[in-house]
1. Taking B:LYS77 as the anchor, which lysines have their alpha carbon closer than 22 Å to its alpha carbon, excluding any fewer than eight residues away along the same chain?
2. Compute the accessible area of each residue in region A:38-81 twice, once for its chain alone and once with every protein chain present, using a 1.4 Å probe on heavy atoms, and list those whose area falls by at least 20 Å².
3. If you restrict to DSSP beta bridges whose two residues both lie in region A:4-109, what percentage is antiparallel, to the nearest 5?
4. How much accessible area per residue does region B:3-112 have, counting only protein heavy atoms and a probe of 1.4 Å, in square angstrom?
5. Just to check I understand the Karplus step: with θ = phi - 60° and J = 6.51 cos²θ - 1.76 cosθ + 1.60, what whole-Hz values come out for region A:62-67, glycine and proline as x?
6. Please report the carbon-and-sulfur percent of the accessible area for the protein assembly as shown; probe 1.4 Å, protein heavy atoms only, DNA, RNA and ligands left out.
7. Tell me, what is the per residue accessible area of region A:1-100 in Å², probe radius 1.4 Å?
8. Counting partner chain Cβ atoms within 10 Å of every residue's Cβ in B:99-109, what's the average?
Amino acid sequence: GGIITQTPKFLIGQEGQKLTLKCQQNFNHDTMYWYRQDSGKGLRLIYYSITENDLQKGDLSEGYDASREKKSSFSLTVTSAQKNEMAVFLCASSMGTEVFFGKGTRLTVV
Amino acid sequence: GDSVTQTEGLVTLTKGLPVMLNCTYQTTYSPFLFWYVQHLNEAPKLLLKSSTDNKRTEHQGFYATLHKSSSSFHLQKSSVQLSDSALYFCALRGSSGSWQLIFGSGTQLTVMP
């Protein structure tokens, strides 16, 4: 089996700060994703990548950048953190129909 | 566009009772539906999946049947356990390709002793 590792587990930022979240997978999957999880709103897609150096915007891409420099890693940058923002960011990977998720990075902006 | 609707945000039940969590979807393409379960502080994990009309799929005591006629994929279990307390998401593979999953808003299931 494989695993998806997200770092950090908890991230506290200040308003306006640029923040980077990292994700590593050892499944050797081609496709990776970043989802945002807000209470009562389900998971919303921010960015995905179908191969190394590929980037595709999801419905929630505004305010975020992403980078896929290696097949195994996918990073997400919050370009300017919004005050009082609280959410969990989930990284995922897939090959075929099943999507595997990491445990998430919990972001709090003060 | 594609969408998934879960009507119950919160379901609370006593152990041993049956449960049904609703999921309906909208897509113009051939649907592929999923149920994911997320326990507290854990990653979401795949519970069930189906693209076959009117065929029941089962896993870990949970079951669901895709009904294309009613655009539904409801999750059921005949007798819930305390360990079933979790957040359940229904998801649809997006019509733009096989790479996107579109999620419903989730149903929090709490099972009481």
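The values are calculated or read from the model by the stated rules, or taken from the named source; none is laboratory data. Every value quoted in this text rests on a predicted model; they were computed, and no experiment measured them. Every residue, glycine as well, gets a Cβ built from its backbone with ideal geometry; the counts of neighbours run over all protein chains shown. We work out accessible area using only protein heavy atoms, side chains counted, and drop any ligands, DNA or RNA first. Shrake-Rupley method; radii C 1.70, N 1.55, O 1.52, S 1.80 Å.
1. B:LYS15, B:LYS45, B:LYS49, B:LYS55, B:LYS68
2. Buried by 20 Å² or more upon assembly, which counts only protein chains, are A:GLY40, A:GLY42, A:LEU43, A:LEU45, A:TYR48, A:ILE50.
3. 90 percent
4. Result: 47 Å² of accessible area for each residue.
5. 5, x, 10, 10, 9, 8
6. 48 percent
7. I get 52 Å² per residue for this part.
8. Shielding by partners across B:99-109 averages 5.
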